[in-house]
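Where a number appears in this text, it was derived from the coordinates with a stated rule and is not lab data. For clarity, every value in this text was computed on a predicted model and none was experimentally measured. Note that we place each Cβ from the backbone using ideal geometry, even for glycine, and neighbour counts take in every protein chain shown.
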Amino acid sequence: MRRRMIAGLMLAASLVAGSASAQTFPSRQITLVVPFSAGGPTDTLARILAERMTRSLGQTVIVENTTGAAGTLGVARVVRSAPDGYTIGIGHWSTHVVNPAIYPLKFDILEDLEPLAYIATNPQLLVARKDLPPTDLKSLIDYVKANPDKVTAGTAGVGAASHISGLYFEQKIGAKVRFIPYRGAGPAMQDLMAGQIDIMFDQAANSIPQVQAGKIKAFAVTSKQRLKSMPDIPTVDQAGLPGLYISVWHGLWAPKGTPKDVAAKLSAAIIESIADPQVREKFAGLGQEIPEPSQQTAAGLRAYHESELKLWTPLIKAAGIKIE
Ligand code: ASP
């Protein structure tokens, strides 16, 4: 009886704490963990969002870059954080779908995270340093074939989207490149612009500003349609690598156990942010497509995430990608 009473009191206390936390949440700064380097595509997206979420939530959302192992360290940092809504994380197709198939993770990517929102999807651009001899995709393929294992390709780590796209490319053309891993596509881009590496499969968001500034050149976009913001770049189908489609979708998650009402406040702030015309314009300029409203929700993200895991896990496992 006494034990039951204590249990009842504890339950009542936690319910009060739960609703009180939602009423006062957020009462301090929120950390948004980006699992790649500053200046890269995920970081750029996170910073646009953090700025707008700060306005919705009335508290500063700061971006923290926890890098390494193709984003697995940053995702682990979110999983292990206190589930109070003050630490959340952004991730994408490779951190939340590819990595669980190739890294020995100590957590469950679906069960140890609370989905918040699905925010955008972005194709890749195949880009090269400005003075690389090939001038289009067909001549690049010939060049890679004529220089096996020599053409250097920057990646954001083993299993990162940039790496998986490169492997897909190798498989399609039947020749190898030399992958150079970085802690994110941000520093890889710096080296591409400086002429230190030859090519990169990069999220359009990261490359578009540099292509527009004439600092690098683009050979193709890895989607069925051309980018609205850069219609001069041909699709892979048009340029000579039919079917090499890879798009990198991004979502946000909180640690498992985050009070439902706190998670709901965060989801609402994210969804409000991506409905803002200024945010939409910035995303569009970077080739980021915002999903339909029904897909943006926590439930929409969970359903999409599950379907992507089902689709890709067997394919990635079959590819036998090794962590060096
Ligand atoms: N998302 C990575 C970054 O922001 C790039 C990648 O996955 O290839 O650097």
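Numbers below:
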| quantity | calculated |
| --- | --- |
| HN-Hα J in Hz across region 95-112 - Karplus 6.51, -1.76, 1.60, θ = phi - 60°, x for Gly and Pro | 5, 9, 10, 6, 4, x, 8, 10, 9, x, 6, 8, 9, 9, 4, 8, 7, 9 |
| Qualifying trypsin sites (Lys or Arg not before Pro) for region 21-102 [loop in DSSP, other Cβ within 10 Å: at most 14] | ARG28, ARG80 |
| Relative contact order [Cα under 8 Å, 6+ residues apart], the chain, whole percent | 26 |
| Given charges at beta-carbon only (K, R positive; D, E negative), |dipole| of the chain in Debye | 540 |
| Residue-wise HN-Hα coupling along region 33-50, computed from phi with Karplus coefficients 6.51, -1.76, 1.60 (Hz; x: Gly, Pro) | 7, 9, x, 9, 5, 4, x, x, x, 5, 5, 4, 4, 4, 6, 5, 5, 4 |
| Computed P(r) (all Cα pairs; region 181-261; 10 Å bins; percent) | 16, 40, 27, 10, 7, 0 |
| Using distinct alpha-carbon pairs, which all enter the 1/r mean, Kirkwood radius of the chain in Å | 20.5 |
| Bridge type composition, the chain - antiparallel percent by DSSP, nearest 5 | 60 |
| Contact order normalised by residue count of region 43-188, Cα under 8 Å, 6+ apart, percent | 22 |
| Listed peptides 101-108, 62-69, 85-92, 252-259 by packing density, highest first (mean Cβ within 10 Å) | 85-92, 252-259, 62-69, 101-108 |
| Under Karplus coefficients 6.51, -1.76 and 1.60, residue-wise ³J(HN,Hα) of region 294-301 in Hz, glycine/proline x | 5, 7, 6, 5, 4, 5, x, 5 |
| Distance in nm between pseudo-label sites at ARG226 and ARG178 (7 Å out along the Cβ direction from Cα) | 3.6 |
| Amide hydrogen neighbours beyond the local backbone of VAL177, cut-off 5 Å, H modeled | ASP149 |
| Fewest-first ranking of ARG129, ARG280, using other Cβ atoms within 10 Å as the exposure measure | ARG280, ARG129 |
| Among 115-127, 182-194, 224-236, the order from most to least packed when residues are scored by Cβ within 10 Å on average | 115-127, 182-194, 224-236 |
| Value at 222 nm in deg cm²/dmol, rounded to 500, when DSSP H runs of n ≥ 4 in the chain each add -39,500 (n - 2.57) | -14000 deg cm²/dmol |
| Cα-based helix-to-principal-axis angle, 161-173 vs the chain, degrees rounded to 10 | 40 |
| Burial ordering of LYS130, LYS310, fewest other beta-carbon atoms within 10 Å first | LYS310, LYS130 |
| Förster radius 25 Å - calculated FRET efficiency between LYS322 and GLU64, Cβ distance, rounded to 0.05 | 0.25 |
| Centre separation in Å (Cα based) which lies between region 211-234 and region 60-118 | 30 |
| Order of SER94, SER37 under a 10 Å beta carbon neighbour criterion, fewest first | SER37, SER94 |
